[in-house]
Amino acid sequence: MSDLLLEVKDLSVNVEEKDILHGVSLSIGRGETHVLMGPNGAGKSTLGYALMGNPNYHVQSGEIWFQGRRIDGEAVDKRAKAGMFLSFQNPLEVPGLTLSGFLRNALEQVRGSRVKYSEFRRELYRNMDLLQMDRAYGNRDLNVGFSGGEKKKAEILQMLMLRPALAILDETDSGLDVDAVRMVSQGVEAYQKDMDGGLLIITHSTRILEALHVDYTHIMVNGRIVCTGDGSLVDEVNRDGFERFTAGAEEDSQ
């Protein structure tokens, strides 16, 4: 059985005085891949931001444990240094800071020591080549002028460089064409195979999952996880949609 990496206990989260998550519990073991699915507005992204410690997402009750330590009161940077990573649906543009400069600084922050440039460049180019990402992007300002696909590749590049213990991917395949999804999926697969980390893939699509082994699938409706199963649950959603789960949630709320 995998070592327990993340444990979420009965988590309720408020955003702008609106209750979004209601008693969410979830456990992720090292090396496991979990998928969180659900209709738009279900609260999936809220869970990702709350796990990462975004200050706009207020934990009202419950606990978040990461690698044996309770972290729901810790700041974002402490969670990142401890080995948590969150990719964004809409990555920010940062003029004046190159992609390679950002990555090297982030890597040094995580490691707590300087990183030799030759070592960094070798690892950077290896991962860029894996993603079929033009090496010239390393010298461009972070996400400035990047296409949607290149922005998402840059997010996966960060994950591969930082090698987090837990990677949370929030709608990483959103808005991507078939080729870009395939490249991003290859990066996620490389993380899955080589780094023994935990993965939480938040999505309402399933294209990014086609080449991945999925251990657990969770369905979220109205801020609650209403069903948990194995990878076959993804196939059911592909075939039948979320109607079975939304109907059950509506009945429970009455």
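The values are calculated or read from the model by the stated rules, or taken from the named source; none is laboratory data. This one's a predicted model, so the numbers in the text were calculated from it and none came from an experiment. Note: ideal-geometry Cβ built from the backbone for every residue, glycine included; neighbour counts use all protein chains shown. Surface areas here come from the heavy atoms of the whole protein model, side chains and all, with no ligands, DNA or RNA. Shrake-Rupley method; radii C 1.70, N 1.55, O 1.52, S 1.80 Å.
Comparing 45, 5, 24 along the charge dipole axis of segment 1-101, the residue lying farthest to the positive side is 5, per the Cβ-charge model.
Only Lys, Arg, Asp and Glu carry charge here, each on its Cβ (+1 for the first two, -1 for the last two); on that basis the chain has a dipole of about 1260 debye about its Cα centre. Its Cα centre serving as origin, segment 112-215 has a Cβ charge dipole (Lys and Arg +1, Asp and Glu -1) of approximately 520 debye. Normalised by 2.2 N^0.38 Å, where N is the number of residues, the C-alpha radius of gyration of the chain stands at 1.00.
Sites listed here are GluC sites (Glu not before Pro) in segment 1-72 whose DSSP assignment is loop and whose Cβ has at most 16 other Cβ atoms within 10 Å: 16, 17.
Taking the Kirkwood radius as Rh and the Cα radius of gyration as Rg, segment 1-122 has a ratio of Rg/Rh equal to 1.01.
Amide H contacts of residue 20 (H built 1.01 Å from N, in plane; Pro and chain starts excluded): 13, 14, 15 sit under 5 Å, all sequence-distant by 5 or more or on other chains. For segment 102-149, a crude dipole built from +1 on the beta carbon of Lys and Arg and -1 on the beta carbon of Asp and Glu, taken about the Cα centre, is about 200 debye to the nearest 20. Positive end of the dipole of the chain (Cβ unit charges, origin at the Cα centre): among 130, 34, 205, the Cα lying farthest that way belongs to 130. Note that segment 86-102 has calculated 3J(HN,Hα) couplings of 10, 8, 9, 4, 10, x, 7, 8, 10, x, x, 10, 6, 4, 5, x, 4 Hz, one per residue in order, obtained from phi through the Karplus relation 6.51 cos²θ - 1.76 cosθ + 1.60 (θ = phi - 60°); glycine and proline are x. Remark: the chain carries 48 Å² of accessible area per residue (probe radius 1.4 Å; ligands, DNA and RNA excluded).
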